Amino acid sequence: MATEARDRIAARDRIAAQRRTVDAPSSVRDDSDDEMIVSFPEFIFKEFIASVAMTVFLIIVSFIPAPLLGQANPGVTPNPSKAPWYFLGLQELLSRFPPLMAGVAFPTFVIVLMILVPFLDRNPSRRPSERKVAIILFALYMVIVVALVLIGVFFRGHEFIWNWGWVLGSPQSCGGAAC
């Protein structure tokens, strides 16, 4: 038993001595077997191609004339006075619910829900196929936001009433009367 213990202590001391005297490796490690992709030629080139394609797309789109209205008249307010597209969902909520609910309660609920999503979906995986709760919550949020913006843009006409005319092929009417 004592001999075994002495042999273990001697082996441990030899390993510790080797660790203290080991220099830097004299050969460079061969990375050819690793599954690495060098970032410069492959990824940078792909990003360059994507930026050139985006630049060409933006240049082409810049020649399409924007559908602008006439010069603004400060004495006449357009009816309906629509918010910019990014606030049209909130304006649509304001047309359906009381201001306290649409302007305070719903946005606060959405922000709190977004803060709580990591606590509701405690899955540590980073694969989208395994993150069902987070994906469903985000998809539901995006569908609601996009639907409210599309309603505000395409389905609200004169005096902010529903305008189904362009969908059904009938002329626009304002409360039963022609506009």
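The values are calculated or read from the model by the stated rules, or taken from the named source; none is laboratory data. Keep in mind that this is a model prediction, so the values were computed, not measured. Because the Cβ atoms are built from the backbone with ideal geometry, glycine has one as well, and the counts that use them run over all protein chains shown.
Taken over the range 142-156, the criterion of being surrounded by 11 or more Cβ atoms within 10 Å (Cβ to Cβ) and either free of Cβ contacts under 8 Å to residues at least 60 places away in the same chain or in a helix (DSSP H, G or I) (or both) is satisfied by ILE144, VAL145, VAL146, ALA147, LEU148, VAL149, LEU150, ILE151, GLY152, VAL153, PHE154, PHE155.
Among the listed residues VAL76, VAL38, VAL56, VAL52, which satisfies the condition of being modelled with pLDDT under 85 and more than 30 Å from TRP162 (Cα to Cα)? Being modelled with pLDDT under 85 and more than 30 Å from TRP162 (Cα to Cα) holds for just one of VAL76, VAL38, VAL56, VAL52, which is VAL38.
Just to be sure, is ALA83 in a loop (DSSP other than H, G, I, E, B), touching a helix residue (DSSP H, G or I) at 6+ places or on another chain (Cβ under 6 Å) and surrounded by 10 or more Cβ atoms within 10 Å (Cβ to Cβ)?
Numbers: in a loop (DSSP other than H, G, I, E, B): yes; touching a helix residue (DSSP H, G or I) at 6+ places or on another chain (Cβ under 6 Å): yes; surrounded by 10 or more Cβ atoms within 10 Å (Cβ to Cβ): yes.
Criteria met by ALA83.
Evaluate the following for LEU69: is it at pLDDT 85 or above and either among the aliphatic types (A, V, I, L, M) or assigned to a helix (DSSP H, G or I) (or both)? No: the conditions fail for LEU69.
With respect to VAL52, determine if the residue is under 20 Å from the mean Cα position of the chain (by Cα) and surrounded by 10 or more Cβ atoms within 10 Å (Cβ to Cβ).
Working: under 20 Å from the mean Cα position of the chain (by Cα): no; surrounded by 10 or more Cβ atoms within 10 Å (Cβ to Cβ): yes.
Criteria not met by VAL52.
The test for being at pLDDT 80 or above, out of contact with any Lys or Arg (no Cβ under 9 Å at 6 or more places or on another chain) and hydrophobic (A, V, I, L, M, F, W, C) holds for ILE9. The residue that is nearest to PHE160 (Cα to Cα), among those in the range 86-141 that are part of a helix (DSSP H, G or I) and of a type in the set (D, E, K, R), is GLU92.
Candidates ALA105, ALA139, ALA134: the one that is without any contact (Cβ under 8 Å) to a residue 24 or more places away in the chain and touching an Asp or Glu at 6+ places or on another chain (Cβ under 9 Å) is ALA134.
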